[in-house]
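Each remark here refers to the structure printed beneath this line.
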Amino acid sequence: HFIHLCYKPPGGSVKTKLALVGKGLTFDSGGYNIKTGPGCLIELMKFDMGGSAAVLGAAKALGQIKPAGVEVHFIVAACENMISGAGMRPGDILTASNGKTIEVNNTDAEGRLTLADALVYACNQGVEKIVDLATLTGACIIALGPSIAGIFTPSDDLASEVIAASEVSGEKLWRMPLEESYWESMKSGVADMVNTGGRQGGAITAALFLKQFVDEKVQWMHIDMAGPVWNDKKKAATGFGISTLVEWVLKNSS
């Protein structure tokens, strides 16, 4: 299901239009590149919709708070990644909604494929700023551990805004580099890009992939929350991201 909710203030003019985009993989088996071996976390992959849960949680909260002067679009491309006769295969070439072509070299890098079209759709809503949240890479957990989300953005202003919101919420974020030279590893011989690079810098190349689907005129941030989405001691989801998103939207309201 492709989900689009919109909050509009009950009165007064709209000064800022924002979009929150969440990865909504309700279960991620890895597909034909199935998750195997110790540490693959396949048994926890119901949390692969953690980004969309944060977006919908923020929608619920903002609907109750009713901030003035701000319009917010909540966007989720929700699906499962399973093995089936209709499942995508390694080697398939997909065409995203903006016309860019993607060679699927790993079916377990599926979330970025759903986010690609969700980001294009968000840009088409005429928003000024987009924040996407996704349990996107194991690489980000290796880099930052289980308690800190990595943030990626070309915009220093947006980074400052979201980091300030996280300091109020108490959720831990760390800005990571969008190293353009790493894009070379994402080039394909038969399409515009592959959907995953090598093991090195995996969280960065994933963010660079998403950047291909965002209008340059729109301020955009990607939050890789694969670590803090889950509390292993409590064996429970954390709700990570909701407080920071709500605080950020409120800072953008009049």
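The values are calculated or read from the model by the stated rules, or taken from the named source; none is laboratory data. Every value quoted in this text rests on a predicted model; they were computed, and no experiment measured them. Here the Cβ is made from the backbone with ideal geometry for all residues, glycine too, and neighbour counts use every protein chain on show. Accessible surface areas use protein heavy atoms only, side chains included; no ligands, DNA or RNA. Shrake-Rupley method; radii C 1.70, N 1.55, O 1.52, S 1.80 Å.
General observations
- Checked against the criteria, ALA68 does not count as in contact with a strand residue (DSSP E or B) (Cβ under 8 Å, 6 or more places away or on another chain), at pLDDT 95 or above and small (Gly, Ala, Ser).
- Any hit, region 174-193, residues being touching a residue at least 12 places away in the same chain (Cβ under 8 Å), in a helix (DSSP H, G or I) and either on the phi > 0 side of the Ramachandran plot or open to solvent by less than 10 Å² (accessible area, probe 1.4 Å) (or both): yes
- Against the test of being farther than 22 Å from LEU62 by Cα, part of a helix (DSSP H, G or I) and either open to solvent by less than 10 Å² (accessible area, probe 1.4 Å) or modelled with pLDDT under 95 (or both), the options LEU245, LEU208 yield a single qualifying residue, LEU208.
- Flag for THR114 being surrounded by 19 or more Cβ atoms within 10 Å (Cβ to Cβ) and either at pLDDT 95 or above or within 19 Å of ILE242 (Cβ to Cβ) (or both): yes
- For region 15-40, filtered to residues that are touching a residue at least 40 places away in the same chain (Cβ under 8 Å) and open to solvent by 60 Å² or more (accessible area, probe 1.4 Å), the residue that is nearest to VAL131 (Cα to Cα) is LYS17.
- Residue match in region 27-47 (condition: in a strand (DSSP E or B) and of a type outside the set (A, V, I, L, M)): yes
- Residues in region 116-142 that are over 20 Å from ASN252 (Cα atoms) and touching a helix residue (DSSP H, G or I) at 6+ places or on another chain (Cβ under 6 Å): 6 in all.
- Qualifying residue in region 81-100 (condition: under 18 Å from ALA207 (Cβ atoms), assigned to a loop (DSSP other than H, G, I, E, B), open to solvent by less than 20 Å² (accessible area, probe 1.4 Å) and in contact (Cβ under 8 Å) with a residue 12 or more places away in the chain): yes
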